[in-house]
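Just so it is clear, none of the values below were taken in a lab; they were calculated from the coordinates. In this text, all values refer to a predicted model and were calculated from it rather than measured experimentally. No Cβ is skipped: glycine too gets one built from the backbone with ideal geometry, and neighbour counts run over all protein chains shown.
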Amino acid sequence: MFEKAKLINPFISKNKSKLEVISMSRSILPLAAMEKLLRKAGAPRVSEDAKEALRDILEAYSYELGQKATKFSVHSGRKTVKATDVRLAHTH
């Protein structure tokens, strides 16, 4: 069953004392969106390294959040992850 399967995060290394992000060959989030987020937060200029770092961190967090939300939906007897599952995963 899914709830018994060990879920592994491919984005974060096993050293959890530091947030060491493992670079992926294929990313999901575009760098342009990262620049927009940083500029909206007030950054007048954004380096490529900053965009890549933000993307890696957001993808890693999103993956962990997705795993938690999936566990909540399975626990509720559903296959579909709902917004409430994501919000609950974010707060726990």
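Going from the fewest other Cβ atoms within 10 Å to the most, the residues 82, 51 appear in the order 82, 51.
In this simple spin-label model, placing a label point 7 Å from the Cα along the Cα-to-Cβ direction at both residue 40 and residue 92 gives a separation of 2.8 nm.
Only lysine pairs 8 or more places apart, or on different chains, with alpha-carbon atoms under 17 angstrom apart are counted in region 47-92, and they number 4.
Ranked for footprinting exposure by Cβ neighbours inside 10 Å, fewest first, 79, 71, 36 give 79, 36, 71. Quick note on region 47-92: its Rg to Rh ratio, both from C-alpha atoms and Rh being the Kirkwood radius, is 1.17.
From least to most packed, judged by other beta carbons within 10 angstrom and beginning with the fewest, 45, 78 follow the order 45, 78.
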